[in-house]
1. Does Leu140 satisfy being under 15 Å from the mean Cα position of the chain (by Cα), away from the ligand (no atom under 12 Å from the Cβ) and outside any strand (DSSP E or B)?
2. Would you pick out the residues in region 1-34 that are closer than 21 Å to Glu64 by Cβ, surrounded by fewer than 21 Cβ atoms within 10 Å (Cβ to Cβ) and charged (D, E, K, R)?
3. Kindly provide the set of residues from region 75-93 that are closer than 20 Å to Gly20 by Cα and out of contact with any strand residue (DSSP E or B) (no Cβ under 7 Å at 6 or more places or on another chain), ordered by number.
4. Which one of Glu106, Glu179 is at pLDDT 95 or above and of a type in the set (Asp, Glu)?
5. Does Ile169 satisfy being within 19 Å of Leu32 (Cβ to Cβ), crowded, with 19+ Cβ neighbours inside 10 Å, over 16 Å from the mean Cα position of the chain (by Cα) and more than 16 Å from the ligand (Cβ to nearest atom)?
6. Working only within region 105-117, note down all residues that are outside any loop (DSSP other than H, G, I, E, B), surrounded by fewer than 18 Cβ atoms within 10 Å (Cβ to Cβ) and within 15 Å of the ligand (Cβ to nearest atom).
7. Between Arg120, Arg68, which is out of contact with any helix residue (DSSP H, G or I) (no Cβ under 7 Å at 6 or more places or on another chain), of a type outside the set (Asp, Glu) and surrounded by fewer than 16 Cβ atoms within 10 Å (Cβ to Cβ)?
8. Do you know which of the residues in region 72-104 that are near the ligand (Cβ under 10 Å from one of its atoms), part of a loop (DSSP other than H, G, I, E, B) and among the small types (Gly, Ala, Ser) is farthest from the chain's Cα centre (by Cα)?
Amino acid sequence: MKKEAVILIGFMGCGKSTIGRKLAGMLGYPFLDTDTLIEEYCGKQIPAIFAEDGEAAFRQAETEVLCRLKEEAGNCVIATGGGMPLKEENVRYMREIGTVFFLEAEIETILERLKHDTQRPLASGEDREQRLRRLYAERLPVYKAAAEVCINTEGRGFYDILQELEQYIGKNTGAQSAES
Ligand code: S3P
């Protein structure tokens, strides 16, 4: 792998932040989360950005934050929001920053994980399940096209997933002791 930054993409609840944080710790890289960077950039939390400014404003902030990362990011692990690869421009930037890994999980697993979520505007409301199923079907091909590496996380523990990531990153992450 030439580019050292690791970029994780995938649907809400697929484990980008959890796995990304663990991986960063093992590689000794900083961990960055684009949703957190957007909240800092906009000075408010994501539900407030969606409610007050609209989804389009959030998407614009997403691209601006990524563009900044393109200039500033060195070796790091970056977890991205589930909608990041929807814009071709964003995919181009991500590939300039590092290697793009898609963490794939099944929709049933995701629905279960997001059941009590209150922080994701697209995963709330009465029609949430229908919306999540539709978004998942629309986005799956987008994630696959955007990714340089696809990792199937279904039914696997962190240790196993980290080990597979390690093979691509070519650096010993110490994943063997990471299961706990
Ligand atoms: C979104 C996913 C969220 C966040 C925002 C929109 C999406 O991030 O960026 O609520 O469009 O899928 P996570 O994937 O980290 O939940």
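1. Answer is yes for this residue.
2. Asp33
3. Answer for region 75-93, where residues must be closer than 20 Å to Gly20 by Cα and out of contact with any strand residue (DSSP E or B) (no Cβ under 7 Å at 6 or more places or on another chain): Gly81, Gly82, Gly83, Asn90, Val91, Tyr93.
4. On inspection, the qualifying residue turns out to be Glu106.
5. yes
6. Residues of region 105-117 outside any loop (DSSP other than H, G, I, E, B): 107-113.
Add one more test, that the residue is surrounded by fewer than 18 Cβ atoms within 10 Å (Cβ to Cβ), and what stays is 107-109, 111-113.
Of everything in region 105-117, those that are outside any loop (DSSP other than H, G, I, E, B), surrounded by fewer than 18 Cβ atoms within 10 Å (Cβ to Cβ) and within 15 Å of the ligand (Cβ to nearest atom) turn out to be Ile107, Thr109, Leu111, Glu112, Arg113.
7. Details: Arg120 fails: surrounded by fewer than 16 Cβ atoms within 10 Å (Cβ to Cβ).
Only one candidate passes the filter, namely Arg68.
8. Per the stated criteria, the residue is Gly83.
The values are calculated or read from the model by the stated rules, or taken from the named source; none is laboratory data. Only a predicted model underlies this, so the values are computations on that prediction, with no experimental measurement involved. A quick note on method: Cβ atoms are made from the backbone with ideal geometry, for glycine too, and the neighbour counts reach across all protein chains shown.
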